[in-house]
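First comes the structure, then the notes that go with it.
The values are calculated or read from the model by the stated rules, or taken from the named source; none is laboratory data. Quick caveat, the model's predicted, so the values are computed rather than measured. Because the Cβ atoms are built from the backbone with ideal geometry, glycine has one as well, and the counts that use them run over all protein chains shown. Areas reflect the complete protein model, heavy atoms only, side chains present, ligands, DNA and RNA absent. Shrake-Rupley method; radii C 1.70, N 1.55, O 1.52, S 1.80 Å.
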Amino acid sequence: MPLSNMRDLLNKARAGNYAVGSFSVTNLESVMGVIAAAEEHRAPIIIQCAEPRLKCTPLSMLGPLMTAAASQASVPVAVHLDHGATLPCVREALDIGFTSVMLDASALPLEENIALVRRVVEMAKASGAAVEAEVGRVGRGEDGSDSPEEAASVADCFRMEETGIDALAVGIGNAHGLYAATPELRYDILEQLGGLKTHLVLHGGTGLTDEQFRRLIRLGMRKINIATDIFRAAALAGHSDNIFSNITAASDAVKAVTKRYIALFGSAGKAE
Ligand code: 13P
């Protein structure tokens, strides 16, 4: 089926009180695994890759693989650029046909973050792609680089909404990668964001408890990013000297991990 727009998937998730999993992919095995999971669960999903990771797998190759796989899926799949750091990378993702792009300028002062996000909103208009921004800071970079976490200011979230974005990642004590201990999440921030029309996005999903996910979804979290668990599943599976059985093992391992999250997020059976 044609690629889905992330905005439409998140609008439906809001109406149905569930969250859509946004799964990070980096190779054929991970792409096949997450899509197979979504098809088995009849769930809409988002597949994404982050700009800092493209040093390893260039967008010019990974991007077309993602859009091809999404368009062959029997469930709605949106294709998203995660943590876009530069406008040329956002441009390339849009040109490849991504239906959603994130510009993460959360390390900059709010006004500079807003100015850059406005440019991306303009760039995305031609194709109608959805746009995600970040306010506050999710701890640690998506690629494991050092970066502090910072709770989002509620006022800043409402300011960012004025840019015309569709989705907003908020820092609430969450971090990418593996948590040393279950984090204390700032649910109080989410409780004050009920008036936002913009969909809320949770980064740093790997390592949170089932109860934390359920509470986050009750408080309006509509897109939940999972990367580390996908990468680990693919990396740890299939170490034989037969590349074909390794590929199947990695893809099956990614599928199993993804299916668990889809069931937890309440999106199983929501494909139309
Ligand atoms: P994890 O690696 O903690 O699952 O975070 C994923 C993420 O937020 C990607 O942007």
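Details
- The set of residues from segment 1-13 being within 16 Å of the ligand (Cβ to nearest atom) and either open to solvent by 30 Å² or more (accessible area, probe 1.4 Å) or touching a Ser or Thr at 6+ places or on another chain (Cβ under 8 Å) (or both) comprises just one member, Met6.
- Test: residue in segment 145-158 that is modelled with pLDDT of 95 or more and of a type in the set (D, E, K, R): yes
Here is a yes/no grid of residues against (1) in contact (Cβ under 8 Å) with a residue 12 or more places away in the chain; (2) not charged (D, E, K, R):
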| site | (1), (2) |
| --- | --- |
| Ala181 | no, yes |
| Leu185 | yes, yes |
| Lys197 | yes, no |
| Ile226 | yes, yes |
| Asn246 | no, yes |
| Leu264 | yes, yes |
| Ser267 | yes, yes |
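- Filter result for Leu190 (within 29 Å of Ile165 (Cα to Cα), touching a Lys or Arg at 6+ places or on another chain (Cβ under 8 Å) and free of Cβ contacts under 8 Å to residues at least 60 places away in the same chain): no
- Selection of first residues in segment 142-166 that are without any contact (Cβ under 8 Å) to a residue 60 or more places away in the chain and closer than 20 Å to Glu184 by Cα and of second residues that are away from the ligand (no atom under 15 Å from the Cβ) and basic (Lys, Arg), restricted to Cβ pairs under 6 Å at least 6 apart or on distinct chains, gives the following pairs, ordered by first then second residue: Ala151/Arg186.
- Any hit, segment 93-106, residues being at pLDDT 95 or above, within 16 Å of the ligand (Cβ to nearest atom) and aromatic (Phe, Trp, Tyr): yes
- Answer from Val121, Val135 - the residue that is β-branched (Val, Ile, Thr), open to solvent by 10 Å² or more (accessible area, probe 1.4 Å), more than 19 Å from Ala227 (Cα to Cα) and modelled with pLDDT of 95 or more: Val121
Rundown of residues vs (1) open to solvent by less than 10 Å² (accessible area, probe 1.4 Å); (2) within 16 Å of the ligand (Cβ to nearest atom); (3) closer than 19 Å to Lys197 by Cβ, yes/no style:
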{"site": "Ala15", "(1), (2), (3)": "no, no, yes"}
{"site": "Thr26", "(1), (2), (3)": "no, yes, no"}
{"site": "Ile35", "(1), (2), (3)": "no, no, no"}
{"site": "Thr57", "(1), (2), (3)": "no, yes, no"}
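- Here Asp241 passes the criteria (1) within 24 Å of Asn5 (Cβ to Cβ); (2) of a type in the set (D, E, K, R); (3) away from the ligand (no atom under 16 Å from the Cβ) except the one numbered (1).
- Residue match in segment 12-28 (condition: assigned to a helix (DSSP H, G or I) and either of a type in the set (Lys, Arg) or touching a helix residue (DSSP H, G or I) at 6+ places or on another chain (Cβ under 6 Å) (or both)): yes
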